[in-house]
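Comments concern the structure below.
The values are calculated or read from the model by the stated rules, or taken from the named source; none is laboratory data. Since this is a predicted model, take the numbers as computed values, not measurements. Reconstructed Cβ throughout: ideal geometry from the backbone, glycine too, with neighbour counts over all protein chains shown.
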Amino acid sequence: MKQAVNDQDGELDFESMRRAPVQRTELQTRSTMMMFGRKTKLTVVLVLALQASACALIKKQEAPRETYEISAPQSFSGLRASTGSQILVKLPTSLDAINSARIIVRPSPRVITYLEGAQWSDTVPKMVQSKLVEAFENSASTGATAKPGDGLVIDYQLVSDIRRFEVINRQANIEISIKLLADGSGKVVETKIFEVTAGASSETADGYVNAFDQAFDQLSRDIIRWVLSRA
């Protein structure tokens, strides 16, 4: 390091030596503060950018949905047959799009949308199972009808798959494939596909649900008559 020398007597200039490190320290401090300032500004910019992106990703909150359910038929005055057999109604299978509480409305055969502002009281398979048991009970045409876990001695099982439960072309369309299974042997007595449609009075949740009600009323009656003729 170059030493500071007094011009008059050749002595070392200790005052200059003391000031030199101070000057370097001040320069280093200023440089550090400038770098810190640049980093702070960059951080603020990044935070603002992330906040803007997060706001853009936040979806608009959906309004609460009205909850609906289909009705089981109450009167079976025209039903002539009956059986002492006890029937087990298993939970129907379905595609994931149907296995939800959303009401399906198809704008075209290959496109699935869900009705805004409305939903079923349960997933479609659970609702159909519950209402089908209720329909059998209301008909008073079997020894007993139950769901798995009810503890009955079963004679026949209804094993079903819901293929369609949707609105298309302003019509409620329900299609279910059902196997009547002898519980003791495991043999399939018969398989039948049931399909019913009913027109909606309006393109609203109430109009569509009323159409589903009409379709399920007819569907459950057809299923009960078929079971009574085979069990």
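Computed quantities for the displayed model
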item	result
Filter result (aliphatic (A, V, I, L, M) and under 20 Å from Ile98 (Cβ atoms)) within region 164-185	Val167, Ile168, Ala172, Ile174, Ile176, Ile178
Some residue of region 137-153 being under 26 Å from the mean Cα position of the chain (by Cα), crowded, with 21+ Cβ neighbours inside 10 Å and closer than 19 Å to Leu219 by Cα	no
Exclusive hit being of a type in the set (Ser, Thr, Tyr), within 18 Å of Leu219 (Cβ to Cβ) and assigned by TED's automatic domain parsing to the domain that holds Ala172, set Ser82, Ser94	Ser94
Subset tally (residues that are among the hydroxyl-bearing types (Ser, Thr, Tyr) and either part of a strand (DSSP E or B) or not assigned by TED's automatic domain parsing to the domain that holds Glu116 (or both)) for region 164-185	1
Test: residue in region 127-140 that is of a type outside the set (Phe, Trp, Tyr) and assigned to a strand (DSSP E or B)	no
Residue satisfying condition, being touching a residue at least 60 places away in the same chain (Cβ under 8 Å) and assigned to a helix (DSSP H, G or I), within set Asp161, Asp217, Asp222	Asp217
Options Ala135, Ala140; residue that is of a type in the set (Gly, Ala, Ser), at pLDDT below 95 and within 29 Å of Ser77 (Cα to Cα)	Ala140
Selection count where residues are over 17 Å from Ser130 (Cα atoms) and not acidic (Asp, Glu), scope region 157-176	9
Members of region 64-100 that are at pLDDT below 95 and within 16 Å of the chain's Cα centre (by Cα)	Pro64, Arg65
Residue within region 186-204 that is more than 30 Å from Ile103 (Cα to Cα) and either out of contact with any strand residue (DSSP E or B) (no Cβ under 8 Å at 6 or more places or on another chain) or not in a strand (DSSP E or B) (or both) present	yes
Qualifying residues in region 83-107 (those that are without any contact (Cβ under 8 Å) to a residue 60 or more places away in the chain and part of a strand (DSSP E or B)) - the one nearest to Arg170 (Cα to Cα)	Pro107
Condition met for Val111 (in contact (Cβ under 8 Å) with a residue 40 or more places away in the chain and either surrounded by fewer than 18 Cβ atoms within 10 Å (Cβ to Cβ) or within 23 Å of Ser177 (Cβ to Cβ) (or both))	no
Count of residues meeting criterion [of a type outside the set (Val, Ile, Thr), under 25 Å from Lys90 (Cα atoms) and surrounded by 14 or more Cβ atoms within 10 Å (Cβ to Cβ)] in region 167-208	12
